[in-house]
Structures are given as C-alpha cells and as structure tokens.
Amino acid sequence: MAVHAEGEGGAGSAAARRDLAVRAAVEQGLVGGGDGAEPLACLLDVAGIRASAAALTGAFAAALAPGTPVLHAFAVKAAPLVPVLRLLADAGLGCEVASPGELALARAAGVPAGRTVLDSPAKTVAELREALALGIAVNADNPQELERLDALVGRAPTPTTAPIGLRINPQTGAGAIDALSTATATSKFGIALRDPGARAWLVRAYRDRPWLTRLHIHSGSQGVPLALIAEGVRDLHALAEEINAAAGRRQVDTLDIGGGLPVNFASDAETPTHAQYVAALREAVPALFDGSYGLVTEFGRSLLAKHGLILARVEYTKTSGSRPIALTHAGVQLATRTAYAPAAWPVRILPYDAKGAPKTGDPVAQDVAGPACFAGDLLAAARELPRLAPGDLIGVPDTGAYFFTAHYGYNSLPRPAVHGFTVGPEGQVRFRLARPAQDVSAIVAEAGGDHGDALL
C-alpha cells in the first residue's frame, strides 16, 4: 500500500519520512485502533541510519591522511538487533561488543572477527580465550585482566592474531549525566591514568609485552561535551607517543578512541554532527590524523537514536487533580531511562490522530503515561499538546538507540515488534519486520514455565 507525500519537501526529510511512515503503519495494520489491532509498534528509518553511517565514515575519511587504517565499530549495546548490525555492516561498519550475547549477535549478523572489538570490564577467562582464538580485538580493562592475558597468550599453541590493548581512564571529569561519564576520577572503567604510578606502570607493561599494540579510551556519551571527549583523546595520543619512545619502535600502532557523540533530543536537528566531532579532535590533537596511527571508533547512539520512533495507541484518557492524563501502551519498558530519570532523559511527544495524521488543536497541559504499575511510568508530565483522546496515537522520536531496542521487562510487558521502513520516490512506504512482537507464551517460557514444579 502506498502513502504519498504532500507539500514542499515531499519524502526527502527525516520528519517527512516519519509522518509518512506513521500514516502507512496505521493503514497497513501495524498499529492502531479497533479490536485486535496492535497497540504498539516501533519503527526504524533505514535511509536515516544509512545517512548517519555515511556521515561518520565521510567525516573521518575527509580528515585522515590517505591510507590510514580505520575501523568504525558500532556499539552493539545501543541497538542489539541483528538486522541493524547487518545494515550497518553493509554501510561499512564493524561491531564493538561488551558481552557474550553481543558477540553472538555480531557473529549472527556476519560481522567478521577482524571487524569486531571486545570491550567490557568483567571478561571471563572463557570470553578472553574465545576472542583470542577468533582473532577479535581485545581491550583489557585492568592489570588483573592483563595477567589473565599473559597466561593465555603464553600458553596459546600458535600466536594469536587478535590485536590487544589496554583501556585507560584519562580522569578528565564528568559531563552533565554522571551515570554516563566514564572518565571521572573514580570511574569503574580502565586504568586510571592520573593515579600515582599509573603512567609509569603502563609504559612498563607495554615495554614488557610486545604483543600489546593498542590503546583504548571512552570518556562517556550523552551529556559529555566534545571538548572533554577531545581532551581524553589528546591524553591517549600523548601516552601512545610516550610508550613508543620508551619501546624504541612503533609498538602501539592503533588508537581506539571510543565513541560518545551526544544526541539532540530537543528537536529534529542532528547536532552535534560527526563532522563537528572530527573538527574538535583536529583542534585538540591534530597529530591524530597524520597517519601515524590506525584508528578505531565505537559510536552507538549518534548512529541510531534519531532514526527510531515509538508509536503507541492512547487507550484511555482521564483527569486527576484536574490534570488530563493519556494512558498509552508505551512507558518504562521502552523508555526506561526517561521513566526513572526524566530530567536527564526528556523525550518529545508527537501527537497523531487515529488515522495517523499529525493532530492539531489548542495545546493543553497533560500527562502522557505508560502501562506499567508504578507512579513514575510517565513519558511526559504536564506537556502542552493538543488534547489526546482514546484511539489517538503518540509518537516518541529519537528512540532508535537504548530505548525500544533494549527492552526492560517490568510487569512482564512484551517486547513490541520493530519494523524498518523505506520511502520510495513517490512517497510509498515499505515495511520490513526487524524483530517480531513477543507473545505471551515466550514470556511464560522465559519466566521458567517449563520448570513450574522446580521449587515444590
């Protein structure tokens, strides 16, 4: 079924594609009203994802010396969906994984070991052994993990092809969201570079281990300003130069600079851009781009967030204390951070009528609530919107990373279907199922349904 764009701009802009997709989702029965209709669906804009991937790769390609090796590894935690990983692989990206499950997803997506990076602060011996055997790059988090690698590398029947490095914490400080700031003085991640004796220990560790060839950093993500991220990368580069000088050779050949580009959740504008990120790095550490080192990046949110939309039916409306409340099917299970930390993670609400057309009308302050049984399950409080009515739909944009892609199982609410969509030149919308909706039998099985008598 085709839905056509109207007015200047057609289906060219992300906002226009989004509105076309909402109307098409209703008309094609993916979400909407009526008995038996799905009350909730999640949409991914394929063209938008491809555009973000191209913006990332293009920004670095334009700045790097010709021939510089570079791997852009998508942070799987941001959108752990195999079709997304396949799409990004097709756009030239690899995967950064931080658990056995994420590694399994990357392998299921066909991402080669040589384009996969393993990061996590609590890798088991079995995980390390597997990564070394497969040739997956490993960033060790701490001296105890390095001791495990000493034993594994020394006992391997053949030399590993896996690049190995250490993660450092530059201790450059926190951004606006403490929980996402990983370069604080007491961060749990990496080796604290400014602690007494740490720098000298790191130089010795590399000098004693010729197989350590990488350095890794990740200073945080949402809420961390570009200048702070760039400062950490500058410290990483300086440490690599010091290690190589002490080794008398170019032992460290690759710098993994992590990701962390913040996302604008206040409007459709994509800011800051990957080009602005590169410009900040070039100003802070110009030698990063001279070809002396290969580069690895680990972006996640900035590639997917703006291209996801939660679409939920308004089931009921009511008032309490004279405050209008719209009860919907989208809440904490999809927007977990918003429900528990609304000041740090506010979301926009886009109102649509029952046919999927943008809803207009005089704004009324109202709450937009989810289906979960706790008082904080709100997507928005006292938000000025056209008055919502049963059967209307709400859209929650910018949710393509860390929202509906990483479900929270409160109240045993099912995971919704995720549909990727494309818009043709005449505005026709085509959907492809990326993840099916979870049915109640799967919830029962996950909750030990086959072991009901186990505790009797």
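A few comments on the model shown:
- FRET efficiency for the Ala357 to Ala55 pair, using the beta carbon distance and R₀ = 41 Å, is estimated at 0.85.
- Gain on full stretching of the segment that runs from Lys188 to Asp268 - 0.36 nm per residue minus C-alpha separation: 25.4 nm
- Trypsin sites (Lys or Arg not before Pro), loop per DSSP, at most 13 other Cβ atoms within 10 Å - longest free stretch of the chain: 251-456
- The range 97-161 and the range 209-249 have Cα centres lying 20 Å from one another.
- Straight-distance crosslink candidates among aspartates and glutamates, where the alpha carbon sits under 19 Å from Lys355 and sequence neighbours closer than 8 are dropped: Glu6, Asp19, Glu27, Asp35, Glu38, Glu315, Asp392
- Legend: calculated FRET efficiency, Glu384 to Thr158, from the Cβ-Cβ distance at R0 = 45 Å, rounded to 0.05, equals 0.10.
- Residues whose placed amide H lies under 5 Å from that of Glu96, excluding near-sequence neighbours: Phe74, Ala75, Val76, Val117
- Max-minus-min Cα coordinates of the range 64-299 on each principal axis give 54, 41, 38 Å, with the largest extent listed first.
- Label-to-label distance for Ala104 and Val125 is 2.3 nm, based on points extended 7 Å past Cα in the beta-carbon direction.
- The share of C-alpha pairs in the chain whose separation exceeds 27 Å stands at 57 percent.
- Candidate cross-link partners of Lys188 among the lysines, defined by an alpha-carbon separation under 28 Å and a same-chain spacing of 8 or more, comprise Lys77, Lys123.
- Cβ crowding within 10 Å ranks Tyr293, Tyr352, Tyr340 as Tyr340, Tyr352, Tyr293, fewest other Cβ atoms first.
- Nearest 10 degrees, 0 to 90: helix 198-207 Cα axis against the chain principal axis: 70
- Potential lengthening between Ala227 and Glu426 on full extension [0.36 nm per residue; Cα-Cα distance subtracted]: 67.4 nm
- Local electrostatic count, Ala108, Cβ distance below 14 Å [Lys/Arg +1, Asp/Glu -1]: +2
- Going from the residue with the fewest nearby Cβ atoms within 10 Å to the one with the most, Ser221, Ser187, Ser13 rank Ser13, Ser187, Ser221.
- Between helix 46-63 and the chain there is an angle of about 30 degrees, using the helix long axis and the longest principal axis of the Cα atoms.
Throughout, read-outs are computed from the coordinates displayed, never taken from laboratory work. As the structure is a prediction and not an experimental result, all values here were calculated from the model. Counting neighbours? That spans all protein chains shown, and the Cβs are built from the backbone with ideal geometry, glycine included.
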